[in-house]
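Every number here is computed from the coordinates shown, using simple stated rules; none is lab data. This one's a predicted model, so the numbers in the text were calculated from it and none came from an experiment. Because the Cβ atoms are built from the backbone with ideal geometry, glycine has one as well, and the counts that use them run over all protein chains shown.
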2 protein chains.
Amino acid sequence: MLLPLIEARSQETTKSTAERLGYPRDAKLLIVHADDLGMTHSVNVATIKAFESGLVNSGSIMVPCPWLSEIATYARANPQADLGLHLTLTSEWTQFRWGPVSSRDRVASLLDKDGYFRLTESEAAASADPKQVELEIVAQIEKARALGIQPTHLDSHMGTLYQSKALFEVFLRVARAQKLPVRVAKAWFARADFLPSVLSPDDVYIDRVLDINPTVAANDWANFYSDAIKKLEPGVTEIIIHLAYDDAEMQGATANHPAWGAAWRQRDFEYFTSDAFRKLLQEQNIKLITWRELGKLIK
Amino acid sequence: MLLPLIEARSQETTKSTAERLGYPRDAKLLIVHADDLGMTHSVNVATIKAFESGLVNSGSIMVPCPWLSEIATYARANPQADLGLHLTLTSEWTQFRWGPVSSRDRVASLLDKDGYFRLTESEAAASADPKQVELEIVAQIEKARALGIQPTHLDSHMGTLYQSKALFEVFLRVARAQKLPVRVAKAWFARADFLPSVLSPDDVYIDRVLDINPTVAANDWANFYSDAIKKLEPGVTEIIIHLAYDDAEMQGATANHPAWGAAWRQRDFEYFTSDAFRKLLQEQNIKLITWRELGKLIK
């Protein structure tokens, strides 16, 4: 019984994710994904506004953050929305902090001396006990479900859960148990060589992830994204964006950190709700898909 | 040795708090106190701005709230500021929540099913185990000190710690151990008859507390406060105010709750930083004092 099964799987893995979804191999499929929901009111309101434009079609929620209840209210009222969980093990701003969902004394390895998550993904990964990571991310998923959020996918805030094989194994084990797809891109295999060894053909992953970075000047913002979309390769791409308004709350939250700051997020909001972006998607024959479709591939 | 001590105390208690502070018995002494620091960026920024006016001269900090770090930064840079702790056992807004500083499994009686503090002071008081209350409020004080806040006084968000004799005893025991004065007004003795029996002559308390309430119409705001200040009785009065800007963050945080909402707090900000208020203090010969002075009476 074993050999035929292996053969079947082997055949299946020759199919691209686009083909597994029922699209031609050369289809350009795009998820326009807003991170950091729940972080602030500004992020929630701007992202919900962008969802309403139909151009941003997916997002993920930070369960430990103070504005979780607001986005949970949205999720309950919009069960069709493609909302995942942005599993959170860092608290990266200095004037505005958050900590774990689980009891602090059970996840001490994840916390700084003030009881918050650590500032950076590398500090977080260096000190995290994988068992405590599992406890905390399961608690985040359970809390989201208790609030009526039905997550369609999982990803990792600041990529903490991709920092080591041990952490990624925890992440994948939890995701498989929950039958949820995880943000993993084939394009990452080169720089995180543990990925292909840990993934199985049954896991669902996309081809690549696109995001802007702090080397792009503010006045090149639209050009950067438009160029990237014009050059989009066939297969499943996720473009990861960060939406908020450049308002007092967001300026305060991200004070002294222009990267991923308030103005940055306002620029993302403007581009991804623009007619220029809508037109480009049509011109380039790009089809928007969601993690909900990808999740249906999971057996 | 016992009798003379008792006599000395008895003589001392005939002195009013104003006299113990070195003022004449008929002096009108006022603390202008802003609650809820740390709650939001809007509260922090508006209150700091009001402190700079010199007319608002005291405030208290909510340690469990997400913007604690921002106000702790201010406290470290302004060690002369009269900042106390607004000990917090409720999380009263529905879209924006917070929970305990201590490990959740040690303070389960304080939490709702989602792991946040309860919405109302009566629910909080009804279910709180006094031992867990003590653990949590001590943790809040210790966390504040660890962040470089040197509190000058303690009070209780939404008055939860005055809801029963058992809770007030915990509050007073912790305050005495910390040698910090507690917001208690002689005028409260009639409606909380356990207060005089629990307090000792060594405890420092003020004569009365003034605050506005939801029956006052928005366009009567300034009149209400100006009338109250014109009628101010001799002794120590604390006027409790809530400062923030009527901005998107604050509107989101207090959504569907006009009482103590964003516009309410903007009105408080406008009155208590106004020239009209400054002039009235002078005209009425009212002297602003702080909890720091009151704290010096504690042996």
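Assorted remarks:
- For segment B:1-155, diffusion coefficient by Stokes-Einstein and Kirkwood Rh (Cα), 37 °C, 0.692 mPa s, µm²/s: 187 µm²/s
- 37 °C / 0.692 mPa s Stokes-Einstein diffusion coefficient of the protein assembly as shown, Kirkwood radius on C-alpha pairs, µm²/s: 124 µm²/s
- Between the C-alpha center of segment B:76-90 and that of segment A:18-60 there is a gap of 41 Å.
- For segment A:210-256, the Kirkwood hydrodynamic radius from C-alpha pairs, put into Stokes-Einstein at 10 °C and a viscosity of 1.306 mPa s, yields a diffusion coefficient of 125 µm² per second.
- One equal scatterer on each Cα of segment A:25-67, no solvent, Debye formula: the resulting log10 I(q)/I(0) at q = 0.14, 0.20, 0.24, 0.33 Å⁻¹ is -0.36, -0.61, -0.77, -1.13.
- Nearby aspartates and glutamates by direct alpha-carbon distance to A:Lys131 (threshold 20 angstrom, same-chain neighbours under 8 apart not counted): A:Asp105, A:Asp112, A:Glu121, A:Glu123, A:Glu142, A:Asp155, A:Glu169, B:Asp105
- Put a dot 7 Å past the Cα of A:Ala259, heading toward its Cβ, do the same for A:Lys49, and the two dots end up 2.7 nm apart.
- Other-copy label distances relative to A:Arg278, 7 angstrom Cα-Cβ extension, nm: 5.1
- Placing a label point 7 Å from the Cα of B:Asp114 along the Cα-to-Cβ direction, the residues of segment B:54-96 with a backbone N closer than 14 Å are B:91-96.
- Residues with amide H under 5 Å from that of A:Lys28, placed H, sequence gap 5 or more: A:Gly235, A:Lys287
- Overall form of chain B: oblate. Here a/c, set by the Cα gyration tensor axes a ≥ b ≥ c, is 1.5 or more, and a/b is not larger than b/c.
- Placing a label point 7 Å from Cα along the Cα-to-Cβ direction at B:Glu142 gives distances to the equivalent points in the other copies of 2.5 nm, listed shortest first.
- Segment A:47-125 pair-distance distribution - Cα-Cα, 5 Å bins, rounded %: 3, 14, 22, 20, 14, 13, 10, 4, 1
- Helical content of chain A, expressed as a calculated mean residue ellipticity at 222 nm, amounts to -12000 deg cm²/dmol (DSSP H runs of 4 or more residues, -39,500 (n - 2.57) each, divided by residue number, nearest 500).
- For the cross-link pairs A:Lys113/B:Lys299; A:Lys143/A:Lys287; B:Lys186/B:Lys230; A:Lys113/B:Lys113, the ones whose C-alpha atoms lie over 25 Å apart are A:Lys113/B:Lys299; A:Lys143/A:Lys287; A:Lys113/B:Lys113.
- In summary, segment B:163-222 shows an alpha-carbon radius of gyration equal to 1.39 times the 2.2 N^0.38 Å reference for compact globular proteins.
- Euclidean distance between Cα centres, segment A:230-299 to segment B:157-203, Å: 53 Å
- The mean count of C-beta atoms from other chains within 10 Å of the C-beta of residues in A:61-74, rounded to a whole number, is 4.
- In this simple spin-label approximation, B:Asp202 and A:Asp26 carry label points 7 Å from Cα along the Cα→Cβ vector, and these lie 8.8 nm apart.
- In Hz, Karplus ³J(HN,Hα) per residue of segment B:101-109 (6.51, -1.76, 1.60; θ = phi - 60°; x = Gly, Pro): 7, 7, 4, 4, 6, 8, 10, 4, 5
- Each of A:Gln150 and B:Gln80 was given a label point 7 Å from its Cα along the Cα-to-Cβ line. The distance between the two points is 6.1 nm.
- For segment A:126-251: Kirkwood Rh in Å [reciprocal of mean 1/r, alpha carbons]: 16.8 Å
- Binning the C-alpha pair distances of segment A:80-131 at 5 Å intervals from 0 yields a P(r) profile of 4, 21, 29, 22, 11, 7, 5, 1, 0 %, listed from the shortest bin outward.
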